[in-house]
Amino acid sequence: MTKYIFVTGGVTSSLGKGIISASLAKLLQARGYNVTIQKFDPYINIDPGTLNPYEHGECYVTEDGAETDLDLGHYERFLNRPTSQANNITTGRIYQNVINKERKGEYLGNTVQVVPHITDEIKRNMRILGESGEFDIVITELGGTVGDIESLPFIEAVRQFKWEAGSNNAIVIHLTLIPFLAAAGELKTKPTQHSVKALLEYGIQPDILVCRTEHHIGADIRKKIALFCNVNVNAVIESIDASTIYDVPLLMLKEQLDKIVLSKLKLPSKSEPNLELWKDFLGRLKNPTSEVRIGLIGKYVELPDAYKSIIEAFIHAGSKNECKVKVEYIHSEGIDPETAKNALGHLHGVLVAPGFGSRGIEGKIDAIQYVRENNVPFFGICLGMQCAVIEYGRNVIGLKNANTTEIDENTAFPVINMMEDQKNITNKGGTMRLGSYPCDIKKGTKAFAAYGKAHITERHRHRYEFNNQYLKQYEEAGMVASGINPDSGLVEIVELKNHPFFVGGQFHPELKSTVANPHPLFIKFVAAAMEYAKKKTN
Ligand code: GLN
């Protein structure tokens, strides 16, 4: 029978429920359990696909093409196991399901209400992954903070779920904050007491408290928290600030979070967690033998969460190369042919980020011209790849004002064009080319050298594509289409022969980079930057 762990958050947002959930899952997985994590978000959007990155950070896309919360990226990076639509549910989706059922007459005669209809639908979704038979343990992270109006139906669903499943089969971990008051020189437990009291008002006694703190919490504070919150002292877990999120599983191991969870769920501890690969990764991450500076050119640079998976992919690839990758965020709106040298001249590599709309796109194109002409390693992702195609068309092939029809519908040279099957779509949500698609890699290319194989799959999220009418012209001018979708003939990767590293992918490689499997294109890009840095110092 599947066991369930619910993770709630108290006191404030941004305590890192996603990282705690992923770290606990990692430890349980390392003990030999099959674990998955799902996230329930209280907002009314059906999914974060229509949310501005400034609002919500990156939109993470799964293999099956779900547009999801960025925490799912952490789950995949930690567990090295794909997630799916079932791993991310919002209030919007719950209501949509219930309203669809109401229209079909499934509640005929009844008044449809938050309790029981919405809470039943939440509980049904909480069970879907568990009922697949694939998992021993399902961890459910509840977005939001206990006490928020909008998360109440989820909290009520957890209360019912726990009561129905029994205390050995479903437990609640409450993540809370123990602030340090500098003036008093003290750690304070009161916010935690209040947050647990709020949970108790809703009928939930948390089983374990994970306490975020900037300073170690001593035995006396643990005792106090235990006494006032009705938990065992060994169920008060310290979660101290870490220098990297990848330390958190080891910190949780030290605090024995996995052991206490297993004992509460009446599960055997099996073996000691096997974390050798994880520790190797951390060892390399913390002891780099070289360093590179890579510019991330985008328009959401004020909020690094907008590029979460890219940043993490650099951490994975850096560790693999034993190289510290210093990512510098550079606003594309500040770049033009005059400023490019100043803005980019000190870098060892440039990544041009994904994006939508016209703001900042000319700066991206100018940045690409600079790195192409100066042999600086370049990696373009999605819009970044499209910009590389535009730049090459304009400045090498001579297609004056070549553009993507996303920006200029009437361009004389639509080298990037809306896909045919996108043209009649008017709805915005969930309608892009989304999820995993196959790609054939041409032998003898940089892409082939990276992947080491001819057939791959990568995840997509876009409406526009390389316009194949121009393919011959581009290939004759030296831009190679090194990755092609075998079913549609769409160009998925472009690269330049006469450049140390100039690669653009229509897909999002960053979404598939994990601790266990750093992404091959990121590994090669970082290696090319290291090479460039070496040459520069010589
Ligand atoms: N806006 C571009 C498109 O829709 C690129 C999208 C992206 O970078 N994810 O094709």
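The values are calculated or read from the model by the stated rules, or taken from the named source; none is laboratory data. It should be emphasised that the depicted structure is a prediction, and the values quoted were computed from it without experimental measurement. Ideal geometry is used to build each Cβ from the backbone, glycine not excepted, and the neighbour counts take in all protein chains shown.
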Open item on the list: Conditions first: (1) surrounded by fewer than 19 Cβ atoms within 10 Å (Cβ to Cβ); (2) part of a helix (DSSP H, G or I); (3) among the charged types (D, E, K, R); (4) touching a Phe, Trp or Tyr at 6+ places or on another chain (Cβ under 9 Å). LYS259 passes all but one, so which condition is the exception?
Closed with: (4)
TODO: Would you check if TYR474 is in contact with a helix residue (DSSP H, G or I) (Cβ under 8 Å, 6 or more places away or on another chain), over 26 Å from SER84 (Cα atoms) and aromatic (Phe, Trp, Tyr)?
DONE: yes
Task: Verdict on ASN110 being polar (S, T, N, Q), more than 25 Å from ALA353 (Cβ to Cβ) and at pLDDT below 95 - done: yes
Open item on the list: Any residue at all in segment 444-453 that's of a type in the set (Val, Ile, Thr) and closer than 27 Å to LYS341 by Cα?
Closed with: no
- [ ] Hey, can you tell me all the residues within segment 486-518 that are in a loop (DSSP other than H, G, I, E, B), in contact with a strand residue (DSSP E or B) (Cβ under 8 Å, 6 or more places away or on another chain) and more than 16 Å from the ligand (Cβ to nearest atom)?
- [x] PRO486, ASP487, LYS497, HIS499, PHE501
- [ ] Looking only at segment 179-224, count how many residues are among the acidic types (Asp, Glu), within 19 Å of GLU255 (Cα to Cα) and touching a strand residue (DSSP E or B) at 6+ places or on another chain (Cβ under 8 Å).
- [x] 2
TODO: Taking the options LYS254, LYS326, name whichever one is of a type in the set (D, E, K, R) and closer than 22 Å to LEU175 by Cα.
DONE: LYS254
Task: Breaking point among (1) modelled with pLDDT of 95 or more; (2) within 15 Å of the ligand (Cβ to nearest atom), for LYS524 - done: (2)
Open item on the list: Residue under question is GLN469, and the condition is that it be surrounded by fewer than 19 Cβ atoms within 10 Å (Cβ to Cβ), over 24 Å from the mean Cα position of the chain (by Cα) and without any contact (Cβ under 8 Å) to a residue 24 or more places away in the chain; does it hold?
Closed with: yes
- [ ] Determine if segment 182-192 includes at least one residue that is touching a His at 6+ places or on another chain (Cβ under 7 Å), buried (at least 23 other Cβ atoms within 10 Å of the Cβ) and closer than 16 Å to ASN232 by Cα.
- [x] no
- [ ] Output the number of the condition that LYS39 fails; it satisfies all remaining conditions of (1) farther than 30 Å from PHE356 by Cα; (2) of a type outside the set (S, T, N, Q); (3) surrounded by 19 or more Cβ atoms within 10 Å (Cβ to Cβ).
- [x] (1)
Open item on the list: Anything in segment 120-159 that is in a helix (DSSP H, G or I), under 23 Å from ASP258 (Cα atoms) and among the small types (Gly, Ala, Ser)? List them, or say none.
Closed with: GLY130
TODO: Out of the residues in segment 360-372 that are touching a residue at least 60 places away in the same chain (Cβ under 8 Å) and not in a loop (DSSP other than H, G, I, E, B), state the one that is surrounded by the most Cβ atoms within 10 Å (Cβ to Cβ).
DONE: ALA367
- [ ] Answer yes or no as to whether GLY430 is at positive phi and either in contact with a strand residue (DSSP E or B) (Cβ under 8 Å, 6 or more places away or on another chain) or surrounded by 15 or more Cβ atoms within 10 Å (Cβ to Cβ) (or both).
- [x] yes
